[in-house]
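To start, the structure under review is shown below, and the notes come after it.
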């Protein structure tokens, strides 16, 4: 079932933040955390999972940080949603065999259909488009952080 969770919001916000601030090179998790108000304990887990699934590239060390693994126009919100749902590991109640006849034959198929339509829309929504929306809404990019030369990922 498509459910909006903190981890999902954090993941989308973090990927868009990285893409939006890509001019600065690598983006440190501490900067994402500061700009987006995401607790670092959540952020690191999500970022590492996105690295594992080749949405992001991570570099450790004093000059470390994150960047997109691919062009922003080739990363969809739908892809991020699927990765985070896998990370969360929550079973989908729509796929459970228990339930009433009305639930099994009417309500669940309707819900699955609506979920598929929504995921189709998320699959066409790219990180590039969200960055453009951020720019058009007046969000400013942080200037190159002088601490980038000595900070941790």
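All of the numbers you see were taken from the coordinates with simple rules; none came from a lab. As the structure is a prediction and not an experimental result, all values here were calculated from the model. Note that each Cβ is placed from the backbone with ideal geometry, even for glycine, and that neighbours are counted across all protein chains shown.
Any chance you could list P(r) for segment 41-117, counting all Cα-Cα pairs in 10 angstrom bins from zero, rounded to whole %?
The percentages, shortest bin first, are 15, 35, 24, 17, 8, 2.
How long are the semi-axes of the equivalent ellipsoid of the chain, taking √(5λ) for every eigenvalue λ of the Cα gyration tensor, in whole Å from largest down?
On the way: eigenvalues 231, 55, 28 Å².
For the chain, the ellipsoid semi-axes come out as 34, 17, 12 Å.
Determine one quarter of the surface area of the Cα convex hull of segment 1-82, which equals its mean projected area, and express it in nm² to one decimal. Walk me through the numbers on the way to the answer.
On the way: hull surface 20.8 nm².
Convex hull of Cα atoms, orientation-averaged projection: 5.2 nm².
So what are segment 54-94's ellipsoid semi-axes, whole angstrom, largest first, if each one is the square root of 5 times an eigenvalue of the alpha-carbon gyration tensor?
Values for segment 54-94, descending: 26, 15, 5 Å.
For segment 86-136, how big is the tail of P(r) above 18 Å, as a whole percent of Cα pairs?
The answer is 55 percent, as a whole percent.
Beta carbons within 10 angstrom, averaged per residue: use that to sort the peptides 40-52, 101-113, highest first.
Result, highest mean Cβ count within 10 Å first: 40-52, 101-113.
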